Amino acid sequence: DGLVVSENMKSKNIDVKIPESELEAEDRGAEEERPRESDSNILDLSSDYPRDKHISIQRHLADLEKLADLREDERKPCPLCPEEKFKACYSHKLHRHLQNLHWKVSVEFEGYRMCICHLPCRPVKPNLVGDQTLSKMGAHYHCIICSATIVRRTDMIGHINRHVNKGETESRFSTVRAPKSSYEVVKESATDVQVLPNHSTPQKTDSYFNPKMKLNRQLIFCALAVLAGERKPIECLDAFGATGIMGLQWAKHLRSSVKVTINDCNENSVTMIKENCHLNKMKVKLNIREEDNGETVGNGEENSDTIEVTKMDANVVMHLRSFDFIHLDPFGTSVNYLDSAFRNVRNLGIVSLTSTDISSLYAKAQHVALRHYGCNIVRTEYYKELAARAVIAAVTRAAARCNKGIEVLLAVALEHFVLVVVRVLRGPTPADDSANKVRYLIHCQWCEERVFQKEGNMVEENPYQQLPCDCHGSMPGKTAVLLGPLWSGALFNTGFLRRMLLEAVQYGLDEAQPLLKTLVCESECTAPKHFSTPSPGDENKQEECGVYIRTPNTSAESYLVHGKRKSEEVLRGAAKRQRAEHSAEHPPFYYNIHRHSIKGMNMPKLNKFLNYLSEAGYRVSRTHFDPMGVRTNAPLAQFKTVLMKYSTPTYVGAQAEGPVHLPGEIQVGEEVPAAAVVKVKEAELAEDDKSGVAATVFTESYATHCAAE
């Protein structure tokens, strides 16, 4: 208890000099405290707060007065003040003292009052005046949630408000689980889960549930549903279960197609997962080391409503078992679990990982990105795609250490997370092919042009020659930086995304459908108006990872026979012969149309600009990474040329949107000199402004813009 000073000082390892008079008062207070603890009527604490509170935290003023009734003398001391500060007095004076000094300045929280305390609970550094030592015991408050001691009342109110804003409750600081009455039931995708009141804030002993990650859960479910259509049953693992919402959705919708294992290393989370399984009428299997004893696919229906729940470290469970589908969603980076994930994942299985350390991935903490991912990045206009490629590069290296290659099926980078879904290809040859796609990126800091470094180990004399721009020759100093290593291959698999879209439509996942449509257009690098919803009959034409994937409408010769290498080699050979029929890989990175707009000019609408670029002979599409981004294979110079051609001056109010006529010797495919643009604009302005003032202003403003570029 806070009344016993000597025990507090020893437990906190604090060396404070206290006069002998105070020590004697402390001993008397300790002797008085022992009988007080034996009285069950002293503290009126409900079961909502199982941990013992300080005596300054009470519900009513009468409870404070009861603390003083233990003495048999007529004079009663104050239970919250030392005798040196307030001597024993009669009951009427003690009542006024408790009411005016302690109760009126208390802080209220959920029916409790945190009264001000003058006891020596909070050590204060003694002051030395001459040869005397003056020890001052300051007044303070005891927090009802975290037991912290706060001096000022305003600071205490702010301290409690921070707990409330974070959703922190007593369960964070107590090993006793919160009562079931404090749980909230959340429903998502026809799945009910119990969550704690502070479910939106990750804590050490609480289960984390983030409603903003619903889109992430839907994308992962679609990927698993596609894999479940290829082979049945598949063993899937949710390595960080928390509330178990993701694994419950897998088992509830896919039924006998999957064997779900939900793991978490936290005991409270495991208990909550079990309760959520019973809430959704699912059976729970607890023994992870229990062998299957030769189970076949036929008896999968018997275990269709059974979920295996394990309590161990994620690295351990992935070392002990083999899975077809593994999802990693730790709080922060997932690089610590990649080696274990790729060690036992089955061939042609899928590994998905969600990284929420966006501060490092989005180049806000570059040193952390270098420490976690071994990647040097800077803040660019395409920073989200840069983050996705950095994560895939780390995944590729981890898979290559296990003699496995990867095929990227999906890479999404949004506001709160970066999601990467890859298919595992076993063997040293796929591992080498994947490792060769990890390269460095040369990025120009002036115009933000970028290009992947060429393959080879030979040192180039002038690496700036690889950049399409000429900023190094026209600008002083070093103009480019070397970023990476990054993944240089494709970020999407069109066939897999189309089948994910079919699953999203089938299960009614409304939030995932618009994003998947955008991803299909982005993977094909086509405009949205050219998008066609896939039909089930087109699935047999899709090729993934160099092999044909088993689909309902695929012929018997195209079936993927799991575990037979001969059949896989035949399928790979047939797929290689038809690779020419598939569209080319989408171009890397994108340009932000606002970043490259021209000052003093109104740029065209984004969809019209996509049509202009497409008419110029370039592949073009929008990107989910940036709502104003344009993914195209056009160089930056041609991108700016088309943008300049179809931009209109801001001073022309009545002029309709249309192209700016360039001189006859300049074509769309060529870079437009700044002098030619100035000449054209001066001629146009001269017609409206005979005095030439506007032309002079435009010339100066555009010259300033070119110098800044």
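All of the numbers you see were taken from the coordinates with simple rules; none came from a lab. As the structure is a prediction and not an experimental result, all values here were calculated from the model. Here the Cβ is made from the backbone with ideal geometry for all residues, glycine too, and neighbour counts use every protein chain on show.
Computed quantities for the displayed model
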| read-out | value |
| --- | --- |
| Region 383-491 shape via C-alpha gyration tensor axes, a/c threshold 1.5 | oblate |
| Per-peptide average of other Cβ atoms within 10 Å, ordering 377-384, 401-408, 80-87, 473-480 highest first | 401-408, 377-384, 80-87, 473-480 |
| Share of alpha-carbon pairs per 10 Å distance bin for region 591-649, given as whole % | 24, 63, 13 |
| Set Lys232/Lys285; Lys214/Lys608; Lys311/Lys364; Lys53/Lys311; Lys283/Lys517 screened for pairs whose C-alpha atoms are more than 29 Å apart | Lys214/Lys608; Lys311/Lys364; Lys53/Lys311; Lys283/Lys517 |
| Arg75 versus Asp192: modelled label distance in nm, points set 7 Å from Cα along the beta carbon direction | 6.3 nm |
| Cα gyration tensor category, rounded, prolate or oblate, for region 468-531 with a/c compared to 1.5 | prolate |
| Additional length obtainable on full extension of the chain from Val481 to Tyr464, 0.36 nm per residue less Cα span | 5.1 nm |
| Cβ-Cβ FRET estimate between Lys599 and Val505, R0 fixed at 56 Å, reported to 0.05 | 0.80 |
| Among 495-504, 225-234, 142-151, 457-466, the order from most to least packed when residues are scored by Cβ within 10 Å on average | 495-504, 225-234, 142-151, 457-466 |
